[in-house]
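Only one structure is covered here, and it is reproduced in the block below.
The values are calculated or read from the model by the stated rules, or taken from the named source; none is laboratory data. Everything quoted here is computed from the prediction, not taken from an experiment. Note: ideal-geometry Cβ built from the backbone for every residue, glycine included; neighbour counts use all protein chains shown. Remember, those area values only see protein heavy atoms, side chains included, never the ligands or the DNA or RNA. Shrake-Rupley method; radii C 1.70, N 1.55, O 1.52, S 1.80 Å.
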Amino acid sequence: MAAIYFRTLRENVVEAIRNKIINQELKPGERIVEMELAKEFNVSRGPVREALRQLEHEGLIEYTRNVGCTVKNPDLQESFEVYLIRVSYEILAVKYMNGKVPPETISNMEKVLKKMEKLDEEQYAQVYLYDNEFHSELVKMTKLNHLYKLWSELNYGNIITGYNNVQDKVGVAKRQYKVHKEIVDACRTGDSGKICKVISEHYMRTITRLMKELGVSESEVPFSRDFLL
């Protein structure tokens, strides 16, 4: 029998607001009014306020005194931090497994690859959802619940970074299959060092691409491009 999961009212409100941000019904920089959301969801302001605190923790919104909550628009430095922490957790997972990626994990990653292979510009909304689904397998294989929780809290920062900063949506959608297949191929080798190197290069290419699209030169950023390599 399949497991049945029950969510609290706060969790439902969190997901509803999160989806509004991901779908850009709430746009970067837009002020979020608690009363309006409470009325829309037919709930009191309490669950909405709790949900906004969680989304602030996830990096989707930010609170400013005398202004309130607004949808966050991460800059390059914040995007770098999201990817830096994500790749660190994934490398930790690979090292914990000594590079021995379970067949089930590889199979699950291949299923996501098949969905990535069909991506085009019209399906761009799925790019970062598939990306999170793919990379999650690297962390879930450890069966370390706290590690997975920490990693998953960065998922939506990844999504918002992609939605707000990427200009070449066609190119990003088309390259998803190829760049993620490289990770699967490395996982099949069972070589921890090789897998970690491929994952690091994967994330560094993303940072480099963001820098290029935002017109940021290496001299303008406070971190080294080789930090992840």
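Here are the numbers:
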read-out	value
Whichever lysines have a C-alpha closer than 26 Å to that of Lys39, once near sequence neighbours (fewer than 8 apart) are set aside	Lys20, Lys27, Lys72
Aspartates and glutamates with Cα under 16 Å of Lys118, excluding same-chain neighbours fewer than 8 positions away	Glu110, Asp131, Glu133
At R0 = 22 Å, FRET efficiency that the Cβ-Cβ distance of Lys111 and His57 yields, to 0.05	0.15
Relative contact order, percent, the range 40-142 [alpha-carbon distance under 8 Å, six or more residues apart]	23 percent
The range 85-151, accessible surface, carbon-and-sulfur percent (1.4 angstrom probe)	53 percent
When the convex hull of its Cα atoms is projected in every direction, mean area for the range 72-113 (nm²)	4.2 nm²
The range 2-94 shape via C-alpha gyration tensor axes, a/c threshold 1.5	oblate
Under 26 Å from the Cα of Lys100 - lysines, other chains or at least 8 residues apart	Lys111, Lys114, Lys115, Lys140, Lys143, Lys149, Lys178, Lys181, Lys194, Lys197
Around Glu50: net Lys/Arg minus Asp/Glu count, Cβ-Cβ under 14 Å	+1
